[in-house]
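Worksheet: one structure, shown below.
The values are calculated or read from the model by the stated rules, or taken from the named source; none is laboratory data. What you see is a predicted model, and the numbers here were worked out from it, not measured in a lab. Here the Cβ is made from the backbone with ideal geometry for all residues, glycine too, and neighbour counts use every protein chain on show.
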Amino acid sequence: MAVYTDVAADELADFLKTYDIGELLSYKGIAEGVENSNFLLHTTKGYFILTLYEKRVAVDDLPYFLGLMAHLAERGVSCPQPARNRDGAVYSTLSGRPAALINFLEGLWPRKPNVAHCAGVGTALARMHLAGRDFPLVRKNPLSVSGWMSLFAQAADRADTVQAGLSALLSAELDVLARSWPTDLPEGVIHADLFPDNVFFLGDQLSGLIDFPFSCNDILAYDVAICLNAWCFEADHSLNVTKARAFFHAYGRERPLSQAELAALPLLARGAAIRFLLTRLVDWLNVPAGALVKPKDPLEYVRKLRFHQAVTSVRDYGLDGSGATA
């Protein structure tokens, strides 16, 4: 979450008149994250998140994102629900941006995920994948291999200002991924951005999944690889095998990974590292002046990419060849 577009109080007041959510008491921008403009609203009927969709989010994709949350909630996955305005619409326009109001989930995201958090997100991710099997809408992932190439083109000429040799590293890795990316693994609805700041907990109990603007249809095990990168590495960028085992074990209890998925996991993890390395790099190089935003360090994912490049088998992730924890 972040704030790129400020919202004037009078504009917000007019916007809220189209909803039945009570009188506005206060609102403030949320600085975490990097993609959309987000505000916490307190009204006489409770708390809500106001999101103005920016940058990579197309208005035509909003029915997918907002409809998916409703679909998942109906199947027992805890996630926010969009509020409908007086015309029955789940989004409209504010400050020149598509905007939606979403109910507030109780909980906090874990700043330092522990083993229980990793197990919780493994269970939740698998249940989300299963619950999404009958979601009727389809959205192709715009940030798969072809999207990575476009991102690299935006950053290639300045990448070495962030780290010497970064452009060559990215170019070589993208060549490998373009040649080797799997096309025959199970696909379905994925979250595609399930980082710790998108998962709420009450203590060690997961209370909800949030922030779905990257959700799409893609390889399910790729979503697993994204979470491996996001949850199971320490601050020094080393893999915590205990956390990885807990994550994989919890996921596998709900949806066991196939042998083909396990075999592809190191490559999928490299792809997940490249995806976030590139989006972070582009954001790092192009933060708008005056934006209330904290760009995330792309070099974190250089280190993770190098780890995955050196992986020789899934045993390096704490798994045996069958998918059981080693």
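A few notes on this one:
- Selection from the stretch 38-97 of residues that are exposed (fewer than 15 other Cβ atoms within 10 Å of the Cβ), touching a residue at least 60 places away in the same chain (Cβ under 8 Å) and acidic (Asp, Glu): Asp87
- Selection count where residues are under 18 Å from the mean Cα position of the chain (by Cα) and either part of a strand (DSSP E or B) or among the basic types (Lys, Arg) (or both), scope the stretch 101-128: 5
- All of Thr5, Thr93, Thr44 fail the test of being over 17 Å from the mean Cα position of the chain (by Cα) and at pLDDT below 90, apart from Thr5.
- Qualifying positions in the stretch 89-123 - of a type in the set (Val, Ile, Thr) and farther than 27 Å from Leu206 by Cα: Thr93
- Candidates Leu228, Leu262: the one that is surrounded by fewer than 23 Cβ atoms within 10 Å (Cβ to Cβ), among the aliphatic types (A, V, I, L, M) and farther than 16 Å from Glu173 by Cα is Leu262.
- Verdict on Asp223 being assigned by TED's automatic domain parsing to the domain that holds Gly122, crowded, with 23+ Cβ neighbours inside 10 Å, of a type outside the set (Gly, Ala, Ser) and touching a helix residue (DSSP H, G or I) at 6+ places or on another chain (Cβ under 6 Å): no
- Tally of residues being out of contact with any strand residue (DSSP E or B) (no Cβ under 7 Å at 6 or more places or on another chain) and assigned to a loop (DSSP other than H, G, I, E, B) across the stretch 129-155: 4
- When residues of the stretch 236-252 are limited to those that are among the polar types (S, T, N, Q) and surrounded by fewer than 18 Cβ atoms within 10 Å (Cβ to Cβ), the one modelled with the highest pLDDT: Thr242
- The requirement of being small (Gly, Ala, Ser), touching a residue at least 60 places away in the same chain (Cβ under 8 Å) and closer than 23 Å to Leu68 by Cα is satisfied by Ser215.
- Residue among Ala164, Ala131 that is more than 18 Å from Gly271 (Cβ to Cβ), in the same structural domain as Arg253 (by TED's automatic domain parsing) and surrounded by 13 or more Cβ atoms within 10 Å (Cβ to Cβ): Ala131
- None of Asp193, Asp218, Asp175 is surrounded by fewer than 19 Cβ atoms within 10 Å (Cβ to Cβ), of a type outside the set (A, V, I, L, M, F, W, C) and modelled with pLDDT of 95 or more except Asp175.
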